[in-house]
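To start, the structure itself, in structure tokens.
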Amino acid sequence: MFTRILGNVRTTLEMIKIEHTLFALPFAFLGAVLAARGIPTASQIVWISVAMVGARSTAMAFNRIADRDYDARNPRTQTRAIPTGALSVAFVWGFTLVSAAIFVAAAAMLNRLTLVLSPVALASIVLYSYTKRWTLLSHLILGWCLAIAPTGAWIAVRGTIDSPIPLLLSLVVMLWTAGFDVLYACQDFDFDRSEGLYSIPARFGIAGALWISRLLHADAFAALVALYFLTNLGALAIVGIVATGTLLIYQHTLVRADDLSRLNAAFFATNAFVSVILLLTFGSAVFLRH
């Protein structure tokens, strides 16, 4: 029994791509470093990490439950664990509830405000799974879900929102996430249209979606520049801005309306680098400044 449960957990972690927590975790750490003006306490680092893993695991597992019928009909997702029967819906529900409980427990260990706001975060990630059924804004709502991380980490350290800095960092994350989610959704252009699902590629076509993705990333870059002027973190932060801008431009050179073959390289490799680069440059600049 224990071996089977362990195997199911392993399959679930593969299903939710636990390694992609890398996209959001560095932004949470950056929010914490900016709030602390240096290194947060060991306890804060641990519980912020636990909260992030719990929240993302909840979001991804619930999304697989909510989308299981669509996944079974979509050629791209038919091999996922629930459609193939590798995992039962009941088991994934159990994993989702445990992950949510871990998230709330971690929030409680940080401070009162993080605990009070934890239901807002959970409601947001649950709502996202249904937005594609009724609004084109699903990409921005996903961005909002990831954007909770840096402001949540700021609150975890300070117990309040006493500066526009975390909100501006969250805006960067929201627009950046929405931009790459529009790119990712191009893979499901035909399926979304056939199922009557709402997505920017389904509504505006792949060529139009690519331009909207570029606009979202241009806005994210502008917000990042504004964050630099607000924090005034010096030359190292400028290096991070230039590197991020270069990666965003490179990402869009990999994808064309008539050729999506390099979409995975654009989506996974480039986006993982962006969050890490900003943590290393802006985070290190905080130490140099203080």
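The values are calculated or read from the model by the stated rules, or taken from the named source; none is laboratory data. Remember, predicted model here, so these are calculated numbers, not experimental data. Because the Cβ atoms are built from the backbone with ideal geometry, glycine has one as well, and the counts that use them run over all protein chains shown. Protein only, heavy atoms only, side chains kept; ligands, DNA and RNA dropped before computing areas. Shrake-Rupley method; radii C 1.70, N 1.55, O 1.52, S 1.80 Å.
For the reader, a short list of remarks on this structure follows.
- Arg289 being touching a residue at least 12 places away in the same chain (Cβ under 8 Å), within 22 Å of Pro164 (Cβ to Cβ), touching a Leu at 6+ places or on another chain (Cβ under 7 Å) and surrounded by fewer than 16 Cβ atoms within 10 Å (Cβ to Cβ): yes
- Restricting the range 159-169 to residues that are surrounded by fewer than 18 Cβ atoms within 10 Å (Cβ to Cβ) and over 18 Å from the mean Cα position of the chain (by Cα), the residue that is farthest from Leu230 (Cα to Cα): Gly159
- The set of residues from the range 73-82 being open to solvent by less than 50 Å² (accessible area, probe 1.4 Å) and either touching a strand residue (DSSP E or B) at 6+ places or on another chain (Cβ under 8 Å) or in a helix (DSSP H, G or I) (or both) comprises Ala81, Ile82.
- Thr84 vs. criteria touching a Phe, Trp or Tyr at 6+ places or on another chain (Cβ under 9 Å), at pLDDT below 95 and of a type outside the set (Phe, Trp, Tyr): no
Matching residues to (1) modelled with pLDDT under 95; (2) more than 21 Å from Leu140 (Cα to Cα):
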| position | (1), (2) |
| --- | --- |
| Asp181 | yes, no |
| Phe189 | yes, no |
| Ile200 | no, no |
| Ser213 | no, no |
| Ala222 | no, no |
| Val255 | yes, no |
| Asp259 | yes, yes |
| Phe268 | yes, no |
| Ala272 | yes, no |
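- Some residue of the range 127-136 being in contact with a helix residue (DSSP H, G or I) (Cβ under 7 Å, 6 or more places away or on another chain), among the aromatic types (Phe, Trp, Tyr) and closer than 22 Å to Arg37 by Cβ: no
- The condition (being touching a residue at least 12 places away in the same chain (Cβ under 8 Å) and in contact with an Asp or Glu (Cβ under 8 Å, 6 or more places away or on another chain)) is satisfied by just one residue among Pro201, Pro166: Pro201.
- Residue match in the range 223-239 (condition: within 22 Å of Tyr130 (Cα to Cα) and surrounded by fewer than 17 Cβ atoms within 10 Å (Cβ to Cβ)): no
- The range 193-218, subset touching a Leu at 6+ places or on another chain (Cβ under 7 Å) and either open to solvent by 70 Å² or more (accessible area, probe 1.4 Å) or of a type in the set (A, V, I, L, M) (or both), residue nearest to Gln251 (Cα to Cα): Leu216
- Of all residues in the range 59-78, those that are free of Cβ contacts under 8 Å to residues at least 12 places away in the same chain have Cβ atoms under 6 Å from Cβ atoms of residues that are open to solvent by less than 30 Å² (accessible area, probe 1.4 Å) and in a helix (DSSP H, G or I), 6 or more apart or on another chain, in Thr77/Asp71.
- The listed residue being of a type outside the set (S, T, N, Q), under 21 Å from Phe29 (Cβ atoms) and outside any loop (DSSP other than H, G, I, E, B), out of Gly240, Gly245: Gly240
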